[in-house]
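Right, one structure below, let's go through it.
The values are calculated or read from the model by the stated rules, or taken from the named source; none is laboratory data. What you see is a predicted model, and the numbers here were worked out from it, not measured in a lab. Glycine gets a Cβ as well: all are built from the backbone with ideal geometry, and neighbour counts include every protein chain shown.
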Amino acid sequence: MKVTTTSILTWPAKAVAGLFVTLSIASSCSDPSSIGLDLDPNNNQIGVFYAEIPLSASMVLLDSFNTTNAGAMVIGGGTSDFFGATEGIGFSRLAINPAGARPEQNAVLDSVKFNFQIESVIGNDLSTPKSISVHLLNERILDTTYYNFDRLEFDPQPIAQGSFNFANRQDTLVSVQMESGFSQFIFDELKKGDAFRDIFTFRNLIPGIAFQGNTGEEASTAIRVGNTTGIIVYYKNVGDTVSRGYAISTAQSRHFNYVNNDRTGTPTAVITEPGQSYDVGPKVGTKSNVGLLLRLDTSPIDAFLDTLQNVTFNDIELEIGPLKSNIATNRPPTSMIMFFASENNTILTGPEGQEFSVQQEGRPQLVTENGVARPATSAPTYLAYSSNSNLYRQKITSYMNAVYRLGLQRNDFLLYPATPQPGSGDIFKRSFREFVVDQNDIKLKIYYSKIRAF
């Protein structure tokens, strides 16, 4: 570990305005005010110091990555030099309203459409149309847990397919006419009504559907499951002047995502076993829905703290980046939680399943229950990404003070993509968002005051 420490002497009030001198490992200048450090001009008994601590990361493939009912299905994919070739296929049941009005026997079919509620489209180039196809399953989706390595057999002939231009907007509703043979089939079954008496008889007719993209188009599409994704049968009864519609949607339907990631010939090819941490070389990264994330080695913190006496931490920031890519249509995850890592490369939890992580600035990092201290869990903080700087950043001053003064045990961090936005679900399972960063661009920036003894 190489740490550079520089003293910034606190001067009397009239001189403080001109004082901003700091050295970093790269011998660049840094203004303490740039990370929000306020120096007290009335106290010249305190020296302010700056230290930059490089951190390193390994990569972990999460074990048993559960994609059941994630809220969205990611299809398509592409190839990268670091992560290899990735493909996603979505699987979902369909839902009906058994009490809904169905066509009369002499009704006339207008059309049958499939609607897709698009949550996101990710790729380096979205100037060309991206394909989506829908297929009938050859087997049922069971009431069980499905992981990203699970898949089901489906008819290779699509019942709906189309190509869509997402250059201007990547969260939208698109639709396509369904194949004529399937359209007539589902309309005839609707008129008969036997398969629409309840959801169980309907699943005998259609056990489910698969969603597929085209990996050759180098883009992935996240399709949201719900009322707005599914089939609508438009028809007219005798005397109607306006079409009626019967919806067969994916609302409240069991669904999951199959993900195939071939890392052959890439730096990540060494990652073969789930739950193990791997040194993949000078670059590391995270890949959503594959289950690849970073384990940050924070042990240099211990070595640094051992060198300190009588100090107060003024401002500490964890910084990751700049990332290797910065493309508007292919952004990394918006933010990440700094979970505490166990020895088995899982999230460290308490006796009641509480997930331990770095907490927000100014919030308790430790709580005491029944006389026993444990890490706090009520207010996790997030490493936030900025496209302007192409960096992940977050202040962790309160956390470091808890480690230094309160006896909070230091742990490595598992950086798990997540967002504080309510209702967003587990974003790590709803896209193929990724990033790659140089190991040299992961660091702690520390400003601290050393109190002089008299």
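Some notes on this structure:
- When segment 345-361 is filtered for residues that are in a loop (DSSP other than H, G, I, E, B) and modelled with pLDDT of 95 or more, the ones remaining, listed by number, are Asn345, Thr346, Leu348, Phe356, Val358, Gln360, Glu361.
- Residue within segment 28-37 that is modelled with pLDDT of 90 or more and either among the aliphatic types (A, V, I, L, M) or in a strand (DSSP E or B) (or both) present: no
- Residues that are assigned to a loop (DSSP other than H, G, I, E, B) and in contact with a strand residue (DSSP E or B) (Cβ under 8 Å, 6 or more places away or on another chain) within segment 126-148 comprise Leu126, Pro129, Asn138, Ile141, Thr145, Tyr146, Asn148, listed in sequence order.
- Per this entry, Glu179 is not counted among residues that are farther than 15 Å from Ser92 by Cβ, surrounded by 14 or more Cβ atoms within 10 Å (Cβ to Cβ), in contact with a helix residue (DSSP H, G or I) (Cβ under 7 Å, 6 or more places away or on another chain) and free of Cβ contacts under 8 Å to residues at least 60 places away in the same chain.
- Selection count where residues are surrounded by fewer than 21 Cβ atoms within 10 Å (Cβ to Cβ) and within 28 Å of Phe65 (Cβ to Cβ), scope segment 299-318: 1
- Residues in segment 47-83 that are part of a loop (DSSP other than H, G, I, E, B), small (Gly, Ala, Ser) and at pLDDT 95 or above: Ala70, Gly71.
- All positions within segment 377-405 that are in contact with a Leu (Cβ under 6 Å, 6 or more places away or on another chain) and assigned to a loop (DSSP other than H, G, I, E, B): Asn390, Ile396
Every residue, every condition in (1) polar (S, T, N, Q); (2) free of Cβ contacts under 8 Å to residues at least 24 places away in the same chain; (3) not assigned by TED's automatic domain parsing to the domain that holds Val437, yes or no:
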| residue | (1), (2), (3) |
| --- | --- |
| Ser299 | yes, no, no |
| Ala303 | no, no, no |
| Glu317 | no, no, no |
| Ile320 | no, no, no |
| Arg331 | no, no, no |
| Gly353 | no, yes, no |
| Gln360 | yes, no, no |
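- Listed by first and then second residue, the pairs linking a residue in segment 409-426 that is crowded, with 17+ Cβ neighbours inside 10 Å and assigned to a strand (DSSP E or B) to a residue that is modelled with pLDDT of 95 or more and of a type in the set (Phe, Trp, Tyr), with Cβ atoms under 8 Å apart and 6 or more places separating them unless they lie on different chains, are Phe413/Phe339; Phe413/Phe340; Leu414/Phe339; Leu414/Phe340; Leu415/Phe339; Tyr416/Phe339; Tyr416/Phe428; Pro417/Phe428.
- When segment 262-280 is filtered for residues that are among the acidic types (Asp, Glu) and under 25 Å from Ser342 (Cβ atoms), the ones remaining, listed by number, are Glu273, Asp279.
- Count - residues of segment 293-324 that are under 16 Å from Ile396 (Cα atoms), among the aliphatic types (A, V, I, L, M) and at pLDDT 95 or above: 5
Residues checked against (1) in the same structural domain as Phe196 (by TED's automatic domain parsing); (2) under 26 Å from the mean Cα position of the chain (by Cα); (3) within 20 Å of Phe256 (Cβ to Cβ):
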residue: Arg93; (1), (2), (3): yes, yes, yes
residue: Ala99; (1), (2), (3): yes, no, no
residue: Gln105; (1), (2), (3): yes, no, no
residue: Leu109; (1), (2), (3): yes, no, no
residue: Pro129; (1), (2), (3): yes, yes, no
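- Among the residues of segment 151-161, the ones that are crowded, with 16+ Cβ neighbours inside 10 Å, within 17 Å of Gly88 (Cα to Cα) and either hydroxyl-bearing (Ser, Thr, Tyr) or out of contact with any Gly (no Cβ under 8 Å at 6 or more places or on another chain) (or both) come to 3 in all.
- Hits in segment 44-79 (condition: in contact with a Ser or Thr (Cβ under 6 Å, 6 or more places away or on another chain) and of a type in the set (A, V, I, L, M)): Ile46, Val48, Ala51, Val60, Val74, Ile75
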